[in-house]
Amino acid sequence: CASQISEVRRSEISQAIDWAYAEGFKVVMVTFTTPHYEWQSCKDLLVALTGALKQFRSGAGWQSAKKQFGLQGVIRSLETVYGKNGWHTHTHEAWIVSRDASAQQLRDQVLARWKLCCKKRGLIPWGKMDAFEKHSIDVKDNISTGDYLAKQDSESYLAWGGDRELTQGFKKSGKGTHPFQLAVSKVRGHWQLFEEYAEAFKGRAAV
């Protein structure tokens, strides 16, 4: 079911990206992440991340940023994998913005605001500020449905664009194991991890 649903959503997002360029806008891919550790539960990390994202998109600062970059809309994908540092929950977002919006300025402002939100949620451990500033926000400019986005070291992702990055994370083979892979794994303990994921994400939409 996930594969069929994601393909429908991928098609819809592809149309939205094509519309943006046809109307004189552009699309940037903004990825939000936070430090994550093996001792954190899937639910606790999800609650903290979604709380920080909600705060990020509230108040006068957010309204000012929307106006500055000509933001027309956001398409968000919530993705979770499990790796050596435990659960890694993050978001990929396609932002439809003005054609002349500076990706570097956008990243700088998003990072400054994201840092404030994450500090208030206790998501930046002591001594990890430099790593946070380097890795917590990623911005890719002028993305399309056929951009080489997610796996720049693999020829198998040459056709992996913004539409697939937002809808088909379960097909990637990056740094971590997708919960669906945990569900069918025969490794001891993986089924319990999947149950933890299912409980944390019950009722939540991926896109």
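The values are calculated or read from the model by the stated rules, or taken from the named source; none is laboratory data. Predicted model only: the values in this text are computed from it and were never measured. Here Cβ is always computed from backbone atoms with ideal geometry, including for glycine, and neighbour counts include all displayed protein chains. The accessibility values were calculated without ligands, DNA or RNA, using every heavy atom of the protein model including side chains. Shrake-Rupley method; radii C 1.70, N 1.55, O 1.52, S 1.80 Å.
Figures for the structure shown
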item: Selected from G122, L53, Q68, residue furthest toward positive end of dipole (segment 1-152; charges at beta carbon); result: G122
item: V47 accessible area, assembled protein chains, probe 1.4 Å, Å²; result: 80 Å²
item: Residues with amide H under 5 Å from that of D138, placed H, sequence gap 5 or more; result: T31
item: Rounded to the nearest 10 Å², the accessible area of T34 at probe 1.4 Å; result: 10 Å²
item: Largest-first ordering by accessible area, 1.4 Å probe, given options V187, V30; result: V187, V30
item: Accessible surface, segment 1-75, averaged per residue in Å² (probe 1.4 Å); result: 52 Å²
item: Hydrodynamic radius of segment 35-153 per Kirkwood, over alpha carbon pairs, in Å; result: 15.6 Å
